[in-house]
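S.K.: Dropping the structure in here first, questions after.
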Amino acid sequence: MWQGWINGILGLWVIVSAFVVAGSKTGNMANDLIAGIVLLVLGLWAGANHKSWQEWVIAIVGAWMIFAGIWFPSSYGGNMANDLIAGIIVAIAGFWSVLASAPGPRKVQQG
């Protein structure tokens, strides 16, 4: 699904931004590296091989990035904004993918 590819690309951005935006803030850098690697691997894997647990993990990582951007703000305003924006996009695409793949209501045949 296209959401997986978007999340994989965003994962790559989060990895790059750990070095560019997070700067010398070790905690923010480690958080962005771990979240970025998870998003990159699971996003590209979900894009090629669709599994519902991958979508849930991606959605949770997106929610974590939103939480971490608010809870652990750095002196760089850019890192907070980067984590919030990326987290919102990842969470929306992740939950959208979860909802899109959820089975619909079953129709009962009456005979």
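The values are calculated or read from the model by the stated rules, or taken from the named source; none is laboratory data. This is a predicted model, so every value here is computed, not measured. Cβ coordinates were reconstructed from backbone atoms using ideal geometry, including for glycine residues, and neighbour counts include every protein chain displayed.
S.K.: Name every residue in region 41-61 that is within 19 Å of Leu84 (Cβ to Cβ) and either of a type in the set (D, E, K, R) or at pLDDT 90 or above (or both), in order of residue number.
M.R.: Within region 41-61, Ile60, Val61 qualify.
S.K.: Further question on the same structure: Name the residue that is modelled with the highest pLDDT, counting only residues in region 12-35 that are surrounded by 21 or more Cβ atoms within 10 Å (Cβ to Cβ) and farther than 12 Å from Asn82 by Cα.
M.R.: If we take residues in region 12-35 being surrounded by 21 or more Cβ atoms within 10 Å (Cβ to Cβ) and farther than 12 Å from Asn82 by Cα, then Ala35 is modelled with the highest pLDDT.
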